[in-house]
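One structure below.
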Amino acid sequence: MSDKNSLKDEYLKFLKNSNLSETKLQNSELLNEQYRQTYGHDFEIPPIENSFNWILSNYCEDIRNSILNAGKNFDVPIFAGEYPTCEFNAYYARTNKGHIFLLNTGLFVFLNQFTKLLSHLHCHINYDKNNNAFIDRFFINTQLSFDECISLLSDSFIEYEKNNIPLLSRNIPISIDKKADILRSIFLSHMEKFILMHEFMHAIAGHLTAKELKNESTEGDLTIFEKMQNQEFEADQLAVSWMISLDLFPHLKFDEGYEYHKYAYIFHAVNIFFYLLNIKEDVYQMIVGEKISFSTHPPAWQRFMNITKHVLKEYKNHPMDIHSILLSSLYQTASWMDLVSPILYESLNDKVRKLS
């Protein structure tokens, strides 16, 4: 039996032992269909395939090949599979046969919905001559108005936090604006690969589980949770650095200027990912009435600040002036976030109040 088949057996055994409820499995099937509908726009997914596992498998192979093509060593059997709980996380399991990467359906489907809404929202955000963002409510070349985008965004965050599943009640259309749809495809692909690359970095860096950290000799005053959070910070840093240095998208040709804008796209996508993660954490507090108890993972804003400091320092003297590209990307992201966030949070607070 090949290593890959052995890992697949390990994966199937893990799913069987998880005792997933029928509701979660049914919801996962619905999410897979929604995932397929959108990704039919970007990929030719074979009709007999589980669309989520198909994408995961291809993404993992892209990452693995990119690592090997760059002359880095990662000659370890891997298997990536769906963990159909519809939740919002991703992790990897280390076995004596190789690495298993598990990603929850809900995480990728939520990103799918978020980037579609973002592509419509992008059509309503314009920039003045000083590159400051402003809302253009009269833009008509998109199917959703600015107010509809905000309402659907708040609905999707609340639905996820309430029922642990992305919004299924409305099929969000892909923007008819070509530039906005290209950005949707770019940001979605980069965010998904950042999540997978983060898990790869845990494996490559040899990060330890909570049990292993507990058995490890203690140095200094760090608790197990602090050590695990430091591992998350390191995996974030390595993931972004490797994404910048590797060719992770050999099959996707977004536009002729992609290579030049690659660094901005990556950093922009990672910024947006932690922006939405931070909102999700805030919505939890709004609904539950208490802050998330952070243990193994740091808060999203700390992870974002950690990555920002890391990449700006690492690429300060890069010959392609990546430092300036990243600073420009950071400013542009912050500009529209500062504009949209108060309106989005007002909508979230209003809808959460109506729930109680």
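The values are calculated or read from the model by the stated rules, or taken from the named source; none is laboratory data. Everything numeric here is computed off the predicted structure, so don't read it as measured data. Note that we place each Cβ from the backbone using ideal geometry, even for glycine, and neighbour counts take in every protein chain shown.
Remarks
- With respect to the conditions (1) within 24 Å of Glu281 (Cβ to Cβ); (2) surrounded by 18 or more Cβ atoms within 10 Å (Cβ to Cβ); (3) modelled with pLDDT under 80, Asn164 falls short on a single one, namely (2).
- Flag for Asn53 being over 23 Å from Thr209 (Cα atoms) and at pLDDT 70 or above: yes
- Where a residue in the range 220-244 is touching a residue at least 60 places away in the same chain (Cβ under 8 Å) and its partner, wherever it lies, is surrounded by fewer than 17 Cβ atoms within 10 Å (Cβ to Cβ) and hydroxyl-bearing (Ser, Thr, Tyr), with Cβ under 6 Å and at least six apart: Phe225/Ser295; Met228/Thr296
- Among the residues of the range 119-136, those that are under 20 Å from Leu153 (Cα atoms) and at pLDDT 75 or above comprise Ser119, His120, Leu121, His122, Cys123, His124, Ile125, Asn126, Phe134, Ile135, Asp136.
- Subset tally (residues that are out of contact with any Asp or Glu (no Cβ under 8 Å at 6 or more places or on another chain), in contact (Cβ under 8 Å) with a residue 60 or more places away in the chain and not aromatic (Phe, Trp, Tyr)) for the range 270-285: 6
- A single member of Glu346, Glu314 is surrounded by 16 or more Cβ atoms within 10 Å (Cβ to Cβ), acidic (Asp, Glu) and either at pLDDT 85 or above or more than 22 Å from Leu121 (Cα to Cα) (or both), and it is Glu314.
- Asp62 vs. criteria more than 24 Å from the chain's Cα centre (by Cα) and either at pLDDT 65 or above or on the phi < 0 side of the Ramachandran plot (or both): no
- Residue list for the range 218-256, restricted to those being part of a helix (DSSP H, G or I) and at pLDDT below 80: Ser245
- Residues satisfying the stated conditions in the range 285-306, i.e. under 21 Å from the mean Cα position of the chain (by Cα), crowded, with 17+ Cβ neighbours inside 10 Å and of a type in the set (A, V, I, L, M, F, W, C): Ala300, Phe304
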